[in-house]
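Asks: Pasting in a structure now, in structure tokens, and then I'll have a few things to ask.
The values are calculated or read from the model by the stated rules, or taken from the named source; none is laboratory data. Quantities reported herein were computed from a predicted structural model and do not represent experimental measurements. We place every Cβ from the backbone using ideal geometry, glycine too, and count neighbours over all the protein chains shown.
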Amino acid sequence: MSSVLSRPQATSLRKFSETDLKGVINLYRQGFGGPPWNLEFTAQWVEDEIRKIRKAPESHMIVAVSGPKVIAISAAHVLDQNEFPFLSSVLRGSKTAYGAALVVDEEHRRTGIASKLVGERVPFFAKRGCDLMVGRTKNPRMENLYHELGYTNTGIRDPKYPDSSYFLLEIKRS
Ligand SMILES: CC(C)(COP(=O)(O)OP(=O)(O)OC[C@H]1O[C@@H](n2cnc3c(N)ncnc32)[C@H](O)[C@@H]1OP(=O)(O)O)[C@@H](O)C(=O)NCCC(=O)NCCS
């Protein structure tokens, strides 16, 4: 994949590769280190998380790069519905893709990178027979982004992450 964003000029999207790992670790630490997350990650934790997502069924992992720098990561995969039993009333057994990670470097935010990355997931999972996309967040910026892309807030909370709620998009396949 080599789609070039209109803003900023030198940004391109491509599949994640092992050489991006260091950049992705930095992104996780930066992106989730401040409000509303205030999380601390070891490099090993991020590495394990990335490997887990890559091993998940039909995973889609894209980075945005500006020159040599990894400036964003998006990761999604087909959901094992046993993982989120509390969503069963909205998923109703449909093949569903889950947005597992999204971070944009602070200096490159508000230029449309996240919208582009989240948008890229839809045709990928539509081709693989998914009817729904789902994502969880408590970041108001991400909530705005989901609304702009047509997701609805289910209002459903995860007992493990009671401050976050799940957003749902119906994939229209032609
Ligand atoms: C949330 C995040 C991914 C958004 O990335 P981004 O590249 O800045 O987002 P975009 O430029 O594509 O913006 C898309 C929309 O998101 C919303 N948004 C993004 N930044 C926003 C902000 N600072 N305030 C309010 N809304 C915002 C807006 O609706 C925006 O559309 P608009 O610019 O037309 O108003 C980024 O802020 C980030 O990495 N945050 C830390 C990690 C995180 O919370 N990830 C999500 C985990 S669920």
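Asks: Please count how many residues of region 99-153 are more than 6 Å from the ligand (Cβ to nearest atom) and over 17 Å from V65 (Cβ atoms).
Replies: Step one: list which residues in region 99-153 are more than 6 Å from the ligand (Cβ to nearest atom), which gives 99-101, 105-108, 116-136, 138, 140, 143, 146-147, 149-153.
Those still in the list that are over 17 Å from V65 (Cβ atoms) too: 99-100, 118-119, 121-136, 138, 140, 143, 146-147, 149-153.
Here the count works out to 30.
Asks: Return the residues of region 31-57 that are within 12 Å of the ligand (Cβ to nearest atom), over 16 Å from the mean Cα position of the chain (by Cα) and not in a loop (DSSP other than H, G, I, E, B); say none if nothing qualifies.
Replies: If the condition is that a residue be within 12 Å of the ligand (Cβ to nearest atom), over 16 Å from the mean Cα position of the chain (by Cα) and not in a loop (DSSP other than H, G, I, E, B), then G33 is the only one that fits.
Asks: Then there is this: Across region 74-98, which residue is nearest to the ligand (Cβ to nearest atom) among those that are over 15 Å from L169 (Cα atoms) and assigned to a strand (DSSP E or B)?
Replies: Residue satisfying both the conditions and the ranking: S74.
Asks: Would you mind finding the one in L168, L117, L102 that is modelled with pLDDT of 95 or more, closer than 23 Å to V46 by Cβ and outside any helix (DSSP H, G or I)?
Replies: Among L168, L117, L102, only L102 is modelled with pLDDT of 95 or more, closer than 23 Å to V46 by Cβ and outside any helix (DSSP H, G or I).
Asks: Being assigned to a strand (DSSP E or B), touching a residue at least 60 places away in the same chain (Cβ under 8 Å), on the phi < 0 side of the Ramachandran plot and within 12 Å of the ligand (Cβ to nearest atom) narrows it down to one of I62, I71, so name that one. Spell out the reasoning first.
Replies: Details: I62 fails: within 12 Å of the ligand (Cβ to nearest atom).
The unique qualifying residue is I71.
Asks: Among the numbered criteria (1) within 25 Å of E47 (Cβ to Cβ); (2) in a strand (DSSP E or B), which single criterion is violated by I156?
Replies: Result: I156 fails condition (1) only.
Asks: Kindly establish whether D20 is of a type outside the set (A, V, I, L, M, F, W, C) and crowded, with 18+ Cβ neighbours inside 10 Å.
Replies: yes
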